[in-house]
Amino acid sequence: MRAPGIDSVIFDMDGVLVDSEGQWERLFRELLAQHGLRLSEEDRIELYGCSDKHENEILGRILGMDENDVAVEKHDYVSAHQFSYAEIIIPGAKDLVVQLHNHGLKLALASSSFESDVSRMLCECGMGDLFDVVVTGDMVKLAKPDPAIYARAVALLGTVPSQAVAVDDSPVGVQSASGAGLHVIQFDHNDHGLRVDGADCVCVTHEAVGEVIDSLTD
């Protein structure tokens, strides 16, 4: 029987439920290539897990364009080259979410992506009815690493940070969840071997994530 300690789990989306980071990187490289430019390793790292606004700032810096103009061009390009979330769901992700849902844990999704992208992912991957709360990047004023998005998810779930576990992959996401006072599992699906400050542990599979959550609820 589940003890009264941990009652909620909050998932990031990109890089945790779906392996979309590579897809976004591909789109950014293609967009820059149209201008005869390339994405540097430093810029790639900075783009990892960041908000839409920060993406526009980075791409604008590379392109020498106003970020509002970049936002329009990026939106048009991405809309014309959408990828299928159903084809890039990370093995074990849905099984874990279903398992936690069936065990009576409250579940939330806290993603820096826009609501339209998150809704499309949930629909395409058949997970729309598994989350009690969904908070997206356009619902908070301050993006990760600010704790606002996780703090809002905790509040909407009706729990407290000490009773919630966050599963996030990026440095900014881990910092956001840690700053909000949650237990933090850093998910390293591609096994980069990087331990981010603020993470309580690192897992490379969803099976391992489930085992950690079980240990916290025993």
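Quick note: the coordinates plus some simple rules give every number you see, no bench work behind them. No experiment lies behind these values; they were computed from the predicted model shown. Positions of Cβ are generated from backbone atoms using ideal geometry, with glycine treated the same way; all protein chains shown enter the neighbour counts.
Suppose R0 equals 35 Å; then what is the FRET efficiency for LYS94 and ASP200 from their Cβ-Cβ distance, rounded to the nearest 0.05?
Values: r = 24 Å, r/R0 = 0.68.
About 0.90, to the nearest 0.05.
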When the helix-only estimate is applied to the chain (DSSP H runs of n ≥ 4, each -39,500 (n - 2.57), divided by the residue count), what is the mean residue ellipticity at 222 nm, nearest 500 deg cm²/dmol?
-13500 deg cm²/dmol
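How much of the DSSP bridge set in the chain is antiparallel, in percent, rounded to the nearest 5?
Working: 1 of 21 bridges.
Beta bridges within the chain, antiparallel portion: roughly 5 percent.
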Within the under-14-Å Cβ sphere about GLU67, not counting GLU67, Lys/Arg +1 and Asp/Glu -1 give a net charge of -3
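Using the alpha carbons of the chain, what is the convex hull volume per residue in cubic angstrom, as a whole number? Display every interim value, and only then the final one.
Details: hull volume 23.7 nm³, N = 218.
Output value, Cα hull per residue: 109 Å³.
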What is the local net charge at GLU41, summed over the other residues whose Cβ is closer than 14 Å to its Cβ (Lys, Arg +1; Asp, Glu -1)?
-1
Quickly work out the GLU25-to-SER40 label distance, labels modelled 7 Å from Cα along the C-beta direction, and quote it in nm with one decimal.
1.7
With at most 10 neighbouring Cβ atoms within 10 Å, loop trypsin sites (Lys or Arg not before Pro) (DSSP) excluded, longest segment of the chain:
39-140
Those lysines that a straight Cα-Cα span of less than 29 Å connects to LYS74, excepting residues fewer than 8 apart in one chain
LYS53, LYS141, LYS144
How about LYS106: which lysines have a C-alpha closer than 21 Å to its C-alpha, ignoring those fewer than 8 places off in the same chain?
LYS94
Taking the beta-carbon count within 10 Å as an exposure proxy, list THR205, THR136 from fewest neighbours to most.
THR205, THR136
Tell me the Rg and the Dmax, in Å, that the Cα atoms of the stretch 21-80 produce.
10.2, 27
Assuming 0.36 nm per residue, please report the length gained on full extension of the stretch CYS123 to GLU87 beyond their Cα-Cα distance.
11.7 nm
Going 7 Å from the Cα of ARG61 in the Cα-to-Cβ direction, what parts of the stretch 171-215 have a backbone nitrogen less than 16 Å from that spot?
172
